[in-house]
Every structure is written in C-alpha cells, then in structure tokens.
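J.: Questions regarding the structure given below will be posed in turn.
Quick note: the coordinates plus some simple rules give every number you see, no bench work behind them. Predicted, not measured: the structure shown is a model, and the values here were computed from it. Backbone-built Cβ (ideal geometry, glycine too); neighbour counts: all protein chains shown.
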Amino acid sequence: MANSAENDKKTSYVLIGFMGCGKTTIGIKLSYKLRMVVEDTDKMIENKYGMKISDIFAQKGEPAFRDMETSLLKELAEKNRQCIYSVGGGTPIREENRMWLKQMGNVIFLRAKADTIYDRLKDDTTRPLLQGENPREKIENLLAHRKEFYEDAADYIIDVDDKSLDEIIKEILAL
Ligand code: S3P
C-alpha cells in the first residue's frame, strides 16, 4: 500500500512561479493533455471563503491570506489526490508551504523574467501586491526576494520567456 501511495504522489504536478508566469493557463492545457483534474489554489480559497483574493487582502490583510493558503495546502497534501495544482505566486515563501508543496507532487517552477511579467501584468488590477506606483519595481523586488524560495521548492525548473504554450507543455511532458 505504501508503494501505491508513493506512486500516486509522483503523478501529481504542482505548478509554482511568479504572478503572470502562466501557471493557470499551463495547468489547464496540461490537464487536457494528461487527462487529469486541475485545481487552482487561489480559486479554491475564493470559493472556500466566498471572497475574491483582492477583497481578502483589502479586508483581512495579507497575513490572513497566507494562513488560508497554508491551511489549504496542508489539507491538499494530506488528501494525496492525483491532480495538477497551480498555486499562488507567493505560496513558496513560507517554509512550511514548501514542505506541503513537495508532498503534493512534483513541483515545477515556471520561471519568468521581470520583463515578461511586466509586459503581461502592467494593466492588471486583480493582483493586490502590484497595484499603485511603479509596478515594474515591485515585480523586480519581489522576484529578487522570492528567487531562492522558488528554487528551493522546485523539483524542476522551466524557463517560460519567449516560449509558446505548446513548447512549454512539451517540455513539461518530457521531464
Ligand atoms: C500572489 C499571487 C496571486 C495571489 C495573490 C498573491 C503573490 O496568485 O495568490 O494575489 O503573492 O504572488 P497568482 O500567482 O496566481 O497571480
């Protein structure tokens, strides 16, 4: 039985990476290819608490959101489902979260450069951490701070800049 649980775990995928790196889109496409369920932890949190992420940040604050993330990850790690997960860009910051992510499956870091992220998110209004003055600087600072956490959490790293969705999926399937 222990072996079968171990095998199940190995066929799950967890997509991590900065906001705008493509986790949600790549997760959906991968789910078609692999015929596996895809779950987005931000959406799960929105459904569970009946609030948009931006409202959670505004009304309850970022630390409360981070606690919601950690408690959801723990639940998911314990369920040990065969699944593709895409998780919020800040999830790997907490050491405890990195442990749960590894238990959830093979962790794939979708690495994007600041230029790519800025191009994609410069007009975005849904990410609380990038609102206000100078989003470009915010992206660079957050990326620099998070780099080591993404790398520490990752089993695999895929560079996504200047690649088509199909190219990225091909690389993931070849891992
Ligand atoms: C966050 C990323 C967002 C969401 C929240 C915080 C972050 O998810 O969890 O706004 O800290 O990077 P996406 O990476 O899916 O945008």
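J.: Which value at 222 nm does the chain reach when only helices count, each DSSP H run of 4 or more adding -39,500 (n - 2.57), with the total divided by all residues and rounded to the nearest 500 deg cm²/dmol? Don't skip to the end; give the middle numbers.
T.: Details: 9 runs with 102 residues, N = 175.
Dividing the helical sum by the residues of the chain leaves -18000 deg cm²/dmol.
J.: Apply the Karplus parameterisation 6.51 cos²θ - 1.76 cosθ + 1.60, with θ equal to phi minus 60°, to every residue of region 17-34 and state each ³J(HN,Hα) to the nearest whole Hz, in sequence, with x for glycine and proline.
T.: Once rounded to whole Hz, the list reads x, 5, 3, x, 7, x, 3, 5, 4, 5, x, 5, 5, 4, 5, 5, 4, 9.
J.: Please sort by residue number the GluC sites (Glu not before Pro) in region 101-151 whose DSSP state is loop and whose Cβ has at most 14 other Cβ atoms within 10 Å.
T.: Here the sparse-neighbourhood loop sites are GLU133.
J.: Give me ARG146, ARG35 ranked fewest to most by other Cβ atoms within 10 Å of their Cβ, as a rough exposure proxy.
T.: By the 10 Å Cβ count, ascending, the order reads ARG35, ARG146.
J.: Return the equivalent ellipsoid semi-axes of the chain as a descending list in whole Å, where each equals the square root of 5 times an eigenvalue of the C-alpha gyration tensor.
T.: Whole-Å semi-axes of the equivalent ellipsoid: 25, 20, 14.
J.: What lysines could a cross-link reach from LYS147, if we take a straight Cα to Cα line under 18 Å and drop same-chain neighbours fewer than 8 places away?
T.: LYS23, LYS102, LYS113, LYS138
J.: Assuming a ≥ b ≥ c are the square roots of the Cα gyration tensor eigenvalues, decide whether region 32-103 counts as rounded (a/c under 1.5), prolate (otherwise, with a/b larger than b/c) or oblate.
T.: Oblate, since a/c reaches 1.5 and b/c is not below a/b.
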